[in-house]
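Since the structure comes first, as structure tokens, the remarks are kept for the end.
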Amino acid sequence: MTILVIAEHDNNHVSSATFNTLAAAVALKDTINVLVMGDNCKAVATSLSTYQAVDKVLLAEDPVYAHQLAENTSELVVSVAGEYSHVLAPATTFGKNLLPRSAALLDVQPIADVQEILDPRTFKRPIYAGNVIATVTTDAALKFLTIRTTAFDPVSETGSCAPIEPLTTVIDCDNVVFEEQTLAACERPELASANVVVSGGRGLQSADQFAVLYPLADKLGAAVGASRAAVDAGFVANDLQVGQTGKIVAPELYIAVGLSGAIQHLAGMQDSKIIVAINQDEDAPIFQVADYGLVGDLFELVPALTSQL
Amino acid sequence: MKILVAVKRVVDHNVKVRVNENDQAVDTTNTKKAINPFCEIAVEEAVRLKENNIANEVVVVSVGSAAVQEQLRTALALGADRGIRVETEQVLEPLAVAKCLKAVVDKEAPDLIFLGKQSIDGDNNQTGQMLAALCNMPQGTFASKVEVAEGTVAVTREIDGGLQTLKLRMPAVITTDLRLNEPRYASLPNIMKAKRKPLQTYSLDALGVQALSQVKLVSVAPPTQRKPGVKAHSVAELIDKLKHEAGVL
Ligand SMILES: Cc1cc2nc3c(=O)[nH]c(=O)nc-3n(C[C@H](O)[C@H](O)[C@H](O)COP(=O)(O)OP(=O)(O)OC[C@H]3O[C@@H](n4cnc5c(N)ncnc54)[C@H](O)[C@@H]3O)c2cc1C
Ligand SMILES: Nc1ncnc2c1ncn2[C@@H]1O[C@H](COP(=O)(O)O)[C@@H](O)[C@H]1O
């Protein structure tokens, strides 16, 4: 049995989700190959080849893979998949876009959001916004899994030197054209992998008032997150949404400010180690999952917290 | 231009489901059902394209038991023209649903196919991508903006870290994210009118689809409950607890 991990990267750097996915592959206890698809991305392959978990890196470099479009990369995955028992990708927008497409081409039902590996064919995954944990099993000879990154601590041990094998198959795709991409530049840590997250909800009232959270986040070296209500109201960018349909986070410390704690929000953060809630409504559902609560006006409490830290 | 929209019947998003005593299933009896919120957004987008004279027909399709007719009627009341039900009593997994939808696509030959990005019961986020693969069509997943041009459609996608725009050649598959639009409510006259709109049913046999399931549900369980927390009475007390009790500062 050999496992294929599809690397997520931006042609320059390996994304942190790839290291969580590698950790899931390690949990399957097997030989691990990593597939890097992109353009001018040798640095990514070289970096991955130094990780002890990695036995071999497959590198497909061509301008047609520059944006890792699902239409052709899914076929490239299919072209190599025959040798593997499992194909893994992170359960990020990248992995969720690509992996089901590859699986369907091979007539396999993939398993999404794996949060625990019980044995090589049996997995736990959340359903109903995390209100239910399902244990599922599959007999498929080749299994496709997306990995819930927060459930697996990233691999970090380097010092190895795995071989890099070039893949020369070039699969064109003429039915889709990449137009543009705007990635929010952010000096703060990345939301999905941050140790501390400060999240705001509708209670922040406006984009200007949301800024009360930034000094707190900066003091804690925290990433900033938000509820859907805050995102929809335009307080912050869409990609900061935490929840069932946004990002899944599980930091050491999650501070929820002025958000009520709807089940869809809890789905994205209830595995955090310590949860702090600040809300003026002492009956807000967020207090049911919070380890520590502060009841009161956030516009008084947050500046006080920031200055006393 | 013809648009096909796939809608799923799910437990309403306000309901907190429970796990059955015997741990074998999620108890959904007597819970309120609704169109999956993402599918509602998909219907809305298609109807708007029709209202703007970009599309001329919107067909909605659902795979499931007789009960899904309720959601098809709702979609018709929201402005779709006709409905198709693919009949099955089993709960199909996304690959099997995608095969059913592929068979309908082959019959209907739509120019655009809208699905929700994710169903809020199974949380799979797979069916659209799998349908696109089976139909060999391009895919615009997690769409927050859709602009139709001559023979192509520009889809802005919500990806981790920002937004990406792709131009897809039609026919194409699009899955909807929450911010694509704000769905309307069905008016009473439209609900009445929807009762007379055509709704046809296909059996799996008639579509030539084999819907075997590959993934077996072994058991379900509630998530591990968090320990009840405490309220701090002051900012100073909170900081003290975070430092000395939780050790996270
Ligand atoms: C299909 C679907 C998917 C969804 N996915 C997500 C998701 O991924 N993530 C998500 O977050 N939501 C999601 N939602 C939305 C979710 O159901 C809630 O509507 C949303 O989380 C509410 O956001 P909120 O807590 O900020 O707002 P509210 O529920 O309005 O809460 C605001 C809170 O702020 C408090 N407050 C107000 N002023 C102050 C003040 N001055 N000081 C202190 N406290 C104050 C109030 O007491 C209140 O508790 C989804 C919904 C659906 C239907
Ligand atoms: N039984 C079904 N009938 C019709 N459409 C479905 C069905 N199941 C899933 N879909 C479509 O696929 C989308 C994604 O579902 P999923 O892959 O299960 O998360 C849904 O929003 C629907 O548009």
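Here is how the numbers come out for the structure above:
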quantity: Separation in nanometres of the label points that stand 7 Å from Cα toward Cβ, at A:CYS161 and A:GLN181; calculated: 3.2
quantity: Antiparallel bridge percentage (DSSP; both residues within the stretch A:2-166; nearest 5); calculated: 30
quantity: Per-q log10 I(q)/I(0), the stretch A:2-166, q = 0.19 Å⁻¹ (Debye; single scatterer per alpha-carbon; no solvent); calculated: -1.21
quantity: Percent carbon-and-sulfur accessible area, the protein assembly as shown, ignoring ligands, DNA and RNA, probe 1.4 Å; calculated: 48
quantity: Shape parameters for the stretch A:191-307, alpha-carbon atoms, Rg then Dmax in Å; calculated: 12.2, 34
quantity: In order through the stretch B:131-138: 3J(HN,Hα) via Karplus (6.51 cos²θ - 1.76 cosθ + 1.60), integer Hz, x for Gly, Pro; calculated: 4, 4, 5, 5, 8, 6, 10, x
quantity: Cβ neighbours within 10 Å from other chains - mean over A:299-305; calculated: 2
quantity: Computed P(r) (all Cα pairs; the stretch B:125-228; 10 Å bins; percent); calculated: 11, 23, 26, 30, 8, 1
quantity: Charge-dipole axis of chain B as Lys and Arg at +1 and Asp and Glu at -1 on Cβ define it, positive-most pick from B:VAL26, B:ALA80, B:VAL11; calculated: B:ALA80
quantity: Other protein chain Cβ atoms within 10 Å, averaged over every residue that makes up B:183-190; calculated: 0
quantity: Along chain B, longest interval not containing exposed GluC sites (Glu not before Pro), exposed being DSSP loop plus at most 12 other Cβ atoms within 10 Å; calculated: B:151-249
quantity: Compactness of the stretch A:1-54 - radius of gyration and Dmax, Cα, Å; calculated: 10.5, 31
quantity: Calculated SAXS-style log₁₀ I(q)/I(0) at q = 0.15 Å⁻¹ - chain A, Debye, Cα scatterers; calculated: -1.15
quantity: Share antiparallel - DSSP beta bridges, the stretch B:2-224, percent rounded to 5; calculated: 40
quantity: Segment B:ASN53-B:SER203, extension gain: residue separation times 0.36 nm, minus the distance between their alpha carbons; calculated: 50.7 nm
quantity: The protein assembly as shown: antiparallel DSSP beta bridges as a percent of all, rounded to 5; calculated: 35
quantity: For the stretch B:1-65: span of alpha carbons on each principal axis (Å, largest first); calculated: 52, 22, 14
quantity: Given chain A, longest segment not containing exposed loop GluC sites (Glu not before Pro) (DSSP; at most 11 other Cβ within 10 Å); calculated: A:188-281
quantity: For B:207-220, mean number of other protein chain Cβ atoms within 10 Å; calculated: 4
quantity: Trypsin sites (Lys or Arg not before Pro) restricted to DSSP loop in the stretch B:158-226 with at most 11 other C-beta within 10 Å; calculated: B:LYS195, B:ARG196
quantity: Dipole moment magnitude, nearest 20 debye, the stretch B:2-224 about Cα centre, only Lys, Arg, Asp, Glu C-beta charged; calculated: 480
quantity: Average accessible surface area per residue within the protein assembly as shown, 1.4 Å rolling probe, Å²; calculated: 41
quantity: Summed buried accessible surface, chains B and A, 1.4 Å probe, nearest 100 Å²; calculated: 6700
quantity: Chain B, relative contact order [Cα under 8 Å, separation at least 6], %; calculated: 23
quantity: A:GLN209 paired with A:ASP119, simple spin-label distance in nm, labels 7 Å along Cα-to-beta-carbon; calculated: 5.6
quantity: Which listed pairs, of A:LYS247/B:LYS216; B:LYS117/B:LYS243; A:LYS219/A:LYS247; A:LYS124/B:LYS32, have C-alpha distances above 30 Å, in listed order; calculated: B:LYS117/B:LYS243
quantity: Sites B:GLU182 and B:GLU108 - FRET efficiency at Förster radius 25 Å, r taken between beta-carbons, to 0.05; calculated: 0.35
quantity: Spread of Cα-to-Cα distances over 10 Å intervals beginning at zero, given as percent, for the protein assembly as shown; calculated: 4, 18, 27, 27, 17, 6, 1
quantity: Low-density loop positions, trypsin sites (Lys or Arg not before Pro), the stretch B:1-76 - DSSP coil, at most 13 other Cβ in 10 Å; calculated: B:LYS16, B:LYS32
quantity: Coordinate range along principal axes, alpha carbons of chain B, Å, largest first; calculated: 65, 43, 40
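The values are calculated or read from the model by the stated rules, or taken from the named source; none is laboratory data. Because the structure is a prediction, the values reported are computed rather than measured. So basically every Cβ, Gly included, is an ideal-geometry build from the backbone, and we count neighbours across all protein chains shown. Each accessible area value is taken on the protein alone, full model and side chains, heavy atoms only, with ligands, DNA and RNA left out. Shrake-Rupley method; radii C 1.70, N 1.55, O 1.52, S 1.80 Å.
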